[in-house]
Structures are given as structure tokens and as C-alpha cells.
1. Quick check: Cα centre of region B:90-165 to Cα centre of region A:107-186, how many Å?
2. Could you tell me how many degrees, from 0 to 90 and to the nearest 10, lie between the Cα long axis of helix B:197-229 and the main elongation axis, the longest principal axis, of the Cα atoms of chain B?
3. Once you sort the root eigenvalues of the Cα gyration tensor of region A:129-242 as a ≥ b ≥ c, which label holds: rounded (a/c under 1.5), prolate (a/b larger than b/c) or oblate (the other case)?
4. In whole Hz, with x marking every Gly and Pro, tabulate ³J(HN,Hα) for region C:85-98 from phi via Karplus 6.51 cos²θ - 1.76 cosθ + 1.60, θ = phi - 60°.
5. For chain B, what class follows from the C-alpha gyration tensor (a ≥ b ≥ c being the square roots of its eigenvalues): rounded when a/c is under 1.5, otherwise prolate if a/b is larger than b/c, else oblate?
6. Taking the Cα centre of the protein assembly as shown as origin, work out the dipole magnitude from +1 charges on Lys and Arg Cβ and -1 charges on Asp and Glu Cβ, in debye rounded to 20.
7. Taking 8 Å as the Cα distance limit and 6 or more residues as the minimum spacing, I'd like the relative contact order of chain B as a percentage.
8. Between A:Val29 and residues 5 or more places away or on another chain, which pairs have amide H atoms under 5 Å apart, with H built 1.01 Å from N, and which residues are they?
Amino acid sequence: MIEMDNVSKWYGPVQVLKNCTLNVSKGEVVVVCGPSGSGKSTLIKTVNALEPFQQGQITVAGISVKDKKTDLAKLRARIGMVFQHFELFPHLSVKRNLTIAQIKVLGRSEDEAMKKGLALLDRVGLSAHANKYPGELSGGQQQRVAIARALAMDPIAMLFDEPTSALDPEMIKEVLDVMVALASEGMTMMVVTHEMGFAREVAKRVVFMDRGEIVEDAQTVDFFGKPRSERAQTFLSKILAH
Amino acid sequence: MFSDFDFNVIYRSLSYLFLDGMTFTITLTVLATLIGVTWGTALALMRLSGFPPLVLFAAGYVNLMRSVPLVLMIFWFYFLVPYIGQWITGSANPMRIGAFASSLITFALFEAAFFSEIMRAGIQSVSRGQTAAAQALGMNYPRTMAYVVLPQAFRNMVPVLLTQTIILFQDTSLVYVLSIPDFLGAASKVAQRDGRLVEMYLFAAVVYFLISFAASTAVRRLNRRIAIIR
Amino acid sequence: MNYRWNWGIFWQVSPDGAHTYFQLLMYGTWWTLCTAFFAWIIALTFGSLVGVARTTPNKWLSGFGNAYVELFRNIPLLVQMFLWYFVMPELVPDSVGTWLKQLPNSSFYTGVVALGLYSSARVAEQVRAGINSLPRGQRAAGLAMGLTLPQTYRYVLLPNAYRIMLPPLTSEFINTIKNSSVVLTIGLMELTARAREMSEYSFQTFEAFTAATIIYIVINIIVTEGMRRLERGLAIPGYLGGRIKKPSLLQRMRLRGVQ
């Protein structure tokens with residue numbers, strides 16, 4: 001589904017991604033982890049070309065992200081993305097947040113979009129908040145709306161960029177629960193996160209990044225059982241210590 | 001000092017001052033603001049487009065307007081607009097353009113430069129994450145701007161846009177240099193006709209002050225409310 | 001376009017019989033600069049006093065400062081100009097009024113005062129913002145050392161505030177130069193007035209206004225560049241970038257609109 005081949009990226013003279021190769025098959029959940037500044041957020045944003053890259057190739061469902069002929073907007077509409085800081089549109093109500101792209105991008109009717117949006121809002125347990133504005137919701141609630149907003153586009157895959165790292169601890173679970181349910185339904189997911197519990201429970205594979213490189217790409221059991229690289233071992237011992 | 005102060009001259013000319021003069025001033029202010037904000041937003045988008053010819057044009061336009069006194073610009077446009085009209089319509093002679101249309105074009109085009117700087121700051125005040133989110137939902141550039149960035153930019157800038165409108169309201173008094181009967185022009189006409197300069201100019205000052213002060217107090221209050229919501 | 005170009009017009013003698021149009025434009029430029037310069041001195045002096053008054057803990061002082069700024073900001077400059085020129089001489093005792101009216105160059109003096117006081121309200125706004133943008137602890141630290149309040153202003157707050165205020169003060173100075181064109185309404189033959197006079201005598205409007213526009217732009221560039229050098233010269237190593245948060249473009253606009 002998502003195929004990254006030898007992707008490299010520079011900010012001026014600084015190389016932030018070094019020959020990253022990674023595949024996510026249909027229905028697979030892949031967790032990307034690593035210390036901060038390791039390039040994992042940059043990597044996931046290259047998948048829907050929010051971050052351009054200079055070398056390598058990425059295809060999603062067989063469509064090249066880099067090809068000039070690709071209609072990027074159209075491709076992005078088929079890939080859901082959830083951001084660290086939610087990025088709900090603050091000037092629009094929850095309802096409008098859920099429907100605006102359905103109507104303006106996919107050309108769905110107001111009724112159809114609303115039906116879909118409200119059904120998904122119900123699924124993330126927030127039906128009661130349809131008419132509120134994002135600023136009136138807690139962080140956890142906002143992130144659940146953001147997931148519903150992405151799902152409303154009927155995505156073929158979902159990208160999560162540190163979806164819980166801006167949340168207070170008591171709100172992390174409600175977001176992870178939604179993500180676990182989504183995974184169990186067979187959604188293709190690429191998740192950048194520090195939540196190792198989530199990785200252990202849901203991920204098929206774990207990818208470990210450090211300094212712009214993919215250091216390790218292993219089955220979940222193997223990664224937690226015995227990471228091959230020293231850097232991954234250090235990282236795990238630090239993050240699992242508490 | 002105030003012994004021969006003639007309130008009657010004010011009273012007698014009230015309908016001329018307000019129905020003619022102030023109506024002209026307010027209409028000019030409102031229309032120039034609407035056109036100015038629209039054209040200013042377009043200029044801001046050009047400036048941020050990253051497309052060199054558009055960037056240069058917008059930057060040049062804004063900097064030119066900001067370097068030259070409004071009075072000179074009023075003279076410039078009063079001279080140029082008939083020629084531009086002639087050029088657009090292709091007629092044989094410079095177009096005859098009324099006082100109102102001429103002032104409206106002047107103020108709309110002049111203030112657009114200032115509105116453009118406001119909108120540029122407004123657009124830049126919307127976080128990059130918002131643009132990324134809109135793009136991730138499949139919105140192209142025009143849609144991202146229309147549905148996500150510009151509505152937020154306007155909201156963030158409403159107090160500043162209103163403050164600029166108050167400045168514009170005061171600036172319109174400069175059409176006096178073209179002998180156009182706006183509020184000040186009307187007051188000045190009465191003043192000279194009846195030889196009552198003291199009364200009329202003091203009265204004009206009071207009226208301008210009350211309107212501007214009330215408006216800027218309202219904007220301040222709005223500002224405070226917005227600050228709380230954020 | 002049936003416009004007859006004549007760029008040689010500047011070297012022709014104007015109807016006054018003695019000066020070329022170019023010379024008249026230069027006289028205009030001189031008066032523009034003089035008016036702006038003296039008005040700026042008034043603006044800086046009064047603006048600083050009023051701006052400081054608005055930041056003091058004294059209710060009366062800050063109240064007076066606020067009223068001053070509101071008064072001068074909410075009346076159009078042109079109306080203020082008329083008040084000083086036409087109204088003021090009538091309201092003072094007759095002898096003073098007559099003296100004022102007969103003063104040579106009275107439109108220049110009136111223009112300087114009107115423009116100076118008008119600009120002072122705007123300078124006051126900048127001074128207040130500059131002082132308020134300093135870390136709160138600075139005032140307390142000054143007072144805690146035993147400095148009096150005026151000493152705290154003189155030695156601690158103002159030296160830093162003025163450095164922060166330099167860029168906005170530069171644009172206020174440029175505004176003062178531009179606004180000096182309003183003095184033509186009470187008869188001062190400054191640059192814009194000379195350009196208009198040239199256009200009316202010679203009908204070479206385009207050439208006249210182009211020349212004035214270019215002169216204003218050149219003045220603008222010189223002032224901006226000069227102030228930039230001054231700013232660099234006055235910068236304190238390692239300070240400004242650090243603790244003082246310069247207000248963003250957005251915050252500055254919230255404060256007072258763009259000019």
C-alpha cells in the first residue's frame with residue numbers, strides 16, 4: 001500500500017532523511033518510533049507529500065507521490081492524516097470540520113456528508129458535541145474529532161503523526177482506544193508514536209529511526225524481545241524504564 | 001471670547017452637514033474599506049505566492065503607496081483616473097469622472113496597500129499546521145485559502161482592520177483639497193459663506209472626535225473580548 | 001492618450017520669472033524637510049513625556065496621558081490644522097490673535113505645531129508600548145536598588161525602551177514627513193504644493209507628480225537606511241535577541257494599526 005524506496009531529504013546542507021526504505025502492506029499497522037529529532041515526523045509527512053524530498057521514490061496504492069503528473073490534492077484526499085496538534089479548523093463547528101472536505105473536495109451532497117460525519121462522530125463517542133467549536137473541547141476530544149474527520153474521507157490508509165504526544169496523560173487512552181478499534185477493523189496504519197504499549201498490542205511491525213536513518217525494521221515481537229541494534233536497545237531501556 | 005459664539009449657524013446647516021456631507025464621508029469610508037480589503041487581500045496573496053512577477057508587483061505597489069503622502073496620491077488619481085478611464089473604454093477623450101467616483105477609486109487603491117499588510121500578517125498568523133491539515137484533506141491551494149486560511153486570517157485581524165477603517169474615516173477629510181463636499185468640505189463651505197470659521201471647525205472637530213472615539217473604544221472592547229476567548 | 005510629454009519642463013523658468021520649476025520643487029522639498037524636522041522635535045519631546053506618563057503608577061498622570069492621546073488621535077490632522085490656523089487666533093486675547101495672524105511664515109509655524117502635536121500622540125503610543133514590552137522585573141529591580149522612580153526611568157527603562165522603539169519611531173518619522181503635505185491646506189508651499197503649482201502653471205501634471213513621488217521615495221530610503229545604521233550602532237551585544245521579546249508584526253498592528 002505504502003512503498004518508500006531510498007528516500008533522502010535535506011534542509012539546506014543538513015540531511016534529515018537518509019535512504020529510508022519502508023513498506024506498509026494493506027491492513028498492516030506499522031509503528032515508527034525513535035528519539036526526538038530522529039526524522040520520524042518528517043518521514044511520515046513525505047508519504048502524502050506535505051514534506052517534499054529530494055531523492056528516492058514513494059508510491060501509495062501504486063501512485064507515485066513525486067510524479068509531477070500526480071494530482072496531489074486528489075491523492076491526499078484518499079490518505080487520512082492525524083496531527084500532533086489536532087489541527088481542527090477553529091473557525092468551524094465540529095460538524096463543519098467533519099463535512100467541509102467531503103463537500104468541497106469529494107463533491108458529496110450536504111446531507112450525505114452530514115450523515116457520514118455524524119455517524120463517525122458517534123463512533124468516536126462524541127455525538128453530543130456536534131454543534132460545538134473545537135476550542136470548547138478537551139484535547140482528547142479534539143483528537144477524536146480529528147480522527148473522525150480523516151475517516152470521513154474514506155481513506156485507504158491512515159497516517160498518525162504523534163497523535164497523543166500533545167495530550168494530558170488522562171486523555172491518551174481515549175484516543176488510543178479509537179486507534180486500536182480502527183486497527184482491528186483492518187485499516188492500514190502508519191503511526192509515529194512513543195506509546196510502546198500501543199505498539200506492542202497493535203503493531204505488526206515496529207520501525208526504529210535515529211538521526212534520519214531507519215536503524216531497525218522488525219516484527220513487533222522481535223523488536224521488543226531482542227532489538228538487534230544497540231541504539232534501539234538504549235532507546236527501549238530509556239522509554240520502558242518508567 | 002465665546003461671547004459672540006453663534007450656535008445658530010450650526011443648527012441652521014445641520015441637514016446640509018449631515019445629509020450631504022456626512023453621508024458622503026460615511027459612504028466613501030465604507031465602500032473604500034470594502035474594495036480596499038478585497039484588493040488588499042489579493043495583493044497579500046500575490047505577495048505570499050512565491051511567484052516572482054506577482055511578488056514584485058505586490059511589493060512594489062504596497063511600497064509605492066506607503067512612501068507617498070496621501071495628499072499627493074489624491075492629486076495623482078484625480079489627474080490619472082480620467083486617462084485610465086479613457087484607456088479602458090477606448091474613447092477619444094479623457095473620461096469625465098465625478099467627485100465621488102474619483103475619491104472612491106483613490107481611497108480604495110491607496111488604502112489597499114495598508115489593508116494588504118494587515119492581511120499578510122493575518123495570513124501568516126494562521127499556523128502552518130492548519131495549512132497542512134487542509135492539504136492532507138485533499139484541498140488544493142485555492143480551497144485551502146478560501147475555507148481554512150482566509151477565514152481565520154480575517155477573524156484574527158478584525159480589530160486591526162476596524163482600526164484602519166477609523167484611520168480611513170479620518171483620512172477622507174483630505175478630499176477637501178479637491179473642494180469636494182464631504183463632511184469637512186461642507187463645514188468649510190458654510191464657514192466661509194457665513195464667516196463662521198470658529199464655530200464650524202470646532203463643531204467639525206467635535207463630530208469627528210465623537211465618532212472616532214466611540215468607534216475606537218468599541219474596537220478596544222472587542223479586542224479585549226477576543227483576548228479572553230483566546 | 002493625447003497627453004503631450006515634456007520632460008524638459010523642469011529646466012524652464014516658471015511664471016514667477018526667476019526660478020526654474022526644478023528650483024521650485026527643491027524649495028518645496030526644503031520646506032517639507034524643515035516642517036517635518038521641527039514637528040518631529042515637538043513630537044519626540046511631548047510624545048516621550050506623555051508616553052512615560054501613561055506608564056507611571058500615578059492615576060492622574062496616566063489618565064492625563066490617555067486623554068491627550070485620545071484627543072489628538074481621534075481628530076483628523078487636517079481638522080487640527082484648521083483649528084490651530086483659523087480658530088486658535090480667535091480664541092486668544094485680541095492682541096495675541098492679531099500678532100499670530102501677522103506673523104511672517106505663520107503657516108509654517110502653525111503647521112509645525114499642529115503636525116508636531118498630532119505626531120506626538122502617536123509617538124506617545126510607541127513609547128508606552130516600548131516601556132511596557134520591557135521585562136516587568138526591570139522596574140522593580142531599579143526601585144529595589146534605591147533609585148527613585150524618575151531615576152529608574154532615566155537610567156534603566158528608557159535607554160532600553162528607546163532601542164526597542166527605534167524601528168516603529170522610524171516609521172513614525174516617515175509618517176511625519178508624509179503628513180507634512182497636509183500643511184499645504186493652510187498655504188505652506190511644501191513639496192506636494194509645489195508639484196501641484198507646477199502642474200497648474202505648465203499642464204505637465206505627469207512630470208510634476210512623478211518628480212514629487214520620486215523625491216518622497218528618495219527621502220524615505222535615506223531615512224530608513226540612516227535609522228538602520230543608527231539601530232546597528234546602538235545595539236547592545238547579546239541583549240536584544242535574548243530577553244526582550246520584540247512584539248510580532250501582528251501584535252504591533254493590534255496595538256495601533258498599520259501606518
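Just so it is clear, none of the values below were taken in a lab; they were calculated from the coordinates. The shown structure was predicted, so the numbers you read here are calculated from the model rather than taken from an experiment. Ideal geometry is used to build each Cβ from the backbone, glycine not excepted, and the neighbour counts take in all protein chains shown.
1. Between the Cα centres of region B:90-165 and region A:107-186 lies a distance of 33 Å.
2. Tilt relative to chain B: about 30 degrees.
3. prolate
4. 7, 9, 8, 4, x, 7, 8, 8, x, 3, 4, 5, x, 5
5. oblate
6. About 1120 debye.
7. 29 percent.
8. Close amide H contacts, sequence-distant or interchain: A:Met189, A:Lys204, A:Arg205.
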